[in-house]
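A short write-up of the structure that comes next.
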Amino acid sequence: MITGFDYINENFKKIEYNLNEAKAKFRNPEDEISIMAVTKTVDPHAVNFAVANCGIRLLGENRVQEYLSKKDEYAKASVHFIGQLQTNKVKYIIDSIDVIESVDSLKLASEIDKHAARIGKKQNVLVEVNIAGEEAKGGVAPDKLEELLYEMSQLKNIQVTGLMTVPPAIDSEAFLYKMQKIYIDISDKNIDNINMSLLSMGMSGDYELAVKYGSTQVRIGSALFGARVYK
Ligand SMILES: *Cc1c(COP(=O)(O)O)cnc(C)c1O
């Protein structure tokens, strides 16, 4: 029994309550909205507490180096990669990551495809959309998304299963709305070999709004684990 992490339980209950409220207000009861615990800078013991006590089944990792140093300590959970990924790092994470959510170029997609082929895996990926055109953030520009999806649909060892975005903290709602529209439009195109079943959006500051705009997966860091302390 790990002690000292009761605040995580309290935080989780609040998040769950708020999510259920948002869902009751804006969505259908049968809609599934999963909660990802975002683990950057978080002690693996705290992460494992959330897995053991809050029913967290999904972890989100931002940094290859940090992930590799922590992964053997984690309790069993599905892990998604959500940070900017350099092509030369793909080989280090390909065997243990269930979904790479931050694919934003054909170059990166091709590298993932190559390594997936090498280890005999079909790698699930999301395409990250830079919804507000922010310089400092990853993601493909909305007007380049369709072209990228067509190109990625040709790669045999990856499977696109949806879209991810990180909207700006300010005026997030307008961008969540815009993202939902893009998701619906691209889903309606029914591109061969492209599966649009996951819309990953919503963080500590905007997860209730993200539910309003169709999110199927919220990614929660600080609201669950507390403010991040960078070392
Ligand atoms: C850090 C991070 C999150 C979680 O952020 P919080 O605001 O702490 O909930 C979600 N998604 C991505 C891509 C992140 O880098």
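The values are calculated or read from the model by the stated rules, or taken from the named source; none is laboratory data. Since the model is a prediction, treat every value here as computed from it, not as a measurement. Virtual Cβ from ideal backbone geometry, glycine too; neighbours counted across all protein chains shown.
Observations, loosely collected:
- From the list Leu85, Leu126, Leu106, the lone residue that is aliphatic (A, V, I, L, M), modelled with pLDDT of 95 or more, within 23 Å of Met196 (Cβ to Cβ) and more than 13 Å from the ligand (Cβ to nearest atom) is Leu106.
- Pairs linking a residue in the range 213-231 that is in contact (Cβ under 8 Å) with a residue 60 or more places away in the chain and under 30 Å from Glu30 (Cα atoms) to a residue that is near the ligand (Cβ under 7 Å from one of its atoms) and not in a loop (DSSP other than H, G, I, E, B), with Cβ atoms under 6 Å and 6 or more positions apart or on different chains, are Arg219/Val38; Arg219/Gly60; Gly221/Val38.
- When the range 11-67 is filtered for residues that are part of a loop (DSSP other than H, G, I, E, B) and over 21 Å from His80 (Cβ atoms), the ones remaining, listed by number, are Arg27, Asn28, Pro29, Glu30.
- Complete set of residues in the range 175-201 that are closer than 17 Å to Asp104 by Cα and not in a loop (DSSP other than H, G, I, E, B): Met179, Ile182, Tyr183, Ile186, Ile194, Asn195, Met196, Leu198, Leu199, Ser200
- Check on Glu173, in contact with a helix residue (DSSP H, G or I) (Cβ under 6 Å, 6 or more places away or on another chain), at pLDDT 95 or above, surrounded by fewer than 19 Cβ atoms within 10 Å (Cβ to Cβ) and among the charged types (D, E, K, R): yes
- Wholly enclosed strands (runs of 3 or more DSSP E) of the range 84-174 bearing at least 1 residues small (Gly, Ala, Ser) and touching a residue at least 12 places away in the same chain (Cβ under 8 Å): 99-103, 158-165
- Evaluated against (1) in a helix (DSSP H, G or I); (2) under 16 Å from the mean Cα position of the chain (by Cα); (3) of a type in the set (Ser, Thr, Tyr), Ser204 falls short on exactly one condition, (1).
- Tally of residues being within 16 Å of Val103 (Cβ to Cβ), more than 19 Å from the chain's Cα centre (by Cα) and not polar (S, T, N, Q) across the range 173-201: 1
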